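Note sheet for the following structure.
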Amino acid sequence: QVQLVESGGGLVQPGGSLRLSCAASGIGFRINAMGWYRQAPGKQRDLVAHITSSSSTNYVDSVRGRFTISRDNAKNMVYLQMNSLKPEDTATYYCYARILGIDYWGKGTLVTVSS
């Protein structure tokens, strides 16, 4: 019943910006933590940004100062604003949400940073 759907990925030039959105549906309980992971081809899936139910945030060092995670509790949505994008940010980005101690994942959205 729970479904997470990402949107906003695409092709962008280095130095550009992109905003990812994740909509959670089929949820009858308040979402706890939400966030984003990313995975480049042949590489490990790594945490990008995380936000708690009280809006406390943390970021992987490589994106701190460039990316901003936010959430809308009323809409059950989480966002990732990505600025000053670099080619090394190229990856599939996955949304996750923790609900009653269980983690749920979206199918991912591809972000390609290239000139």
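The values are calculated or read from the model by the stated rules, or taken from the named source; none is laboratory data. Quantities reported herein were computed from a predicted structural model and do not represent experimental measurements. Every residue, glycine among them, receives a Cβ derived from its backbone with ideal geometry; neighbour counts consider all protein chains shown. All accessible areas refer to the heavy atoms of the entire protein, side chains included, with ligands and DNA or RNA removed. Shrake-Rupley method; radii C 1.70, N 1.55, O 1.52, S 1.80 Å.
If we only count strands (runs of 3 or more DSSP E) wholly inside segment 53-115, which ones have 2 or more residues that are in contact (Cβ under 8 Å) with a residue 40 or more places away in the chain, among the hydroxyl-bearing types (Ser, Thr, Tyr) and closer than 20 Å to Gly42 by Cα?
Correct list: 91-99, 109-113.
Would you check which residues across segment 65-115 are open to solvent by 60 Å² or more (accessible area, probe 1.4 Å), at pLDDT 95 or above and acidic (Asp, Glu) and list them?
If the condition is that a residue be open to solvent by 60 Å² or more (accessible area, probe 1.4 Å), at pLDDT 95 or above and acidic (Asp, Glu), then Glu88 is the only one that fits.
Quick check on segment 38-49. Is at least one of its residues in contact with a strand residue (DSSP E or B) (Cβ under 8 Å, 6 or more places away or on another chain), in a strand (DSSP E or B) and without any contact (Cβ under 8 Å) to a residue 24 or more places away in the chain?
Within segment 38-49, one or more residues are in contact with a strand residue (DSSP E or B) (Cβ under 8 Å, 6 or more places away or on another chain), in a strand (DSSP E or B) and without any contact (Cβ under 8 Å) to a residue 24 or more places away in the chain.
Every residue in segment 28-57 that is over 16 Å from Thr109 (Cα atoms), under 12 Å from the mean Cα position of the chain (by Cα) and either open to solvent by 40 Å² or more (accessible area, probe 1.4 Å) or basic (Lys, Arg) (or both), please.
Within segment 28-57, His50 is the sole residue that qualifies.
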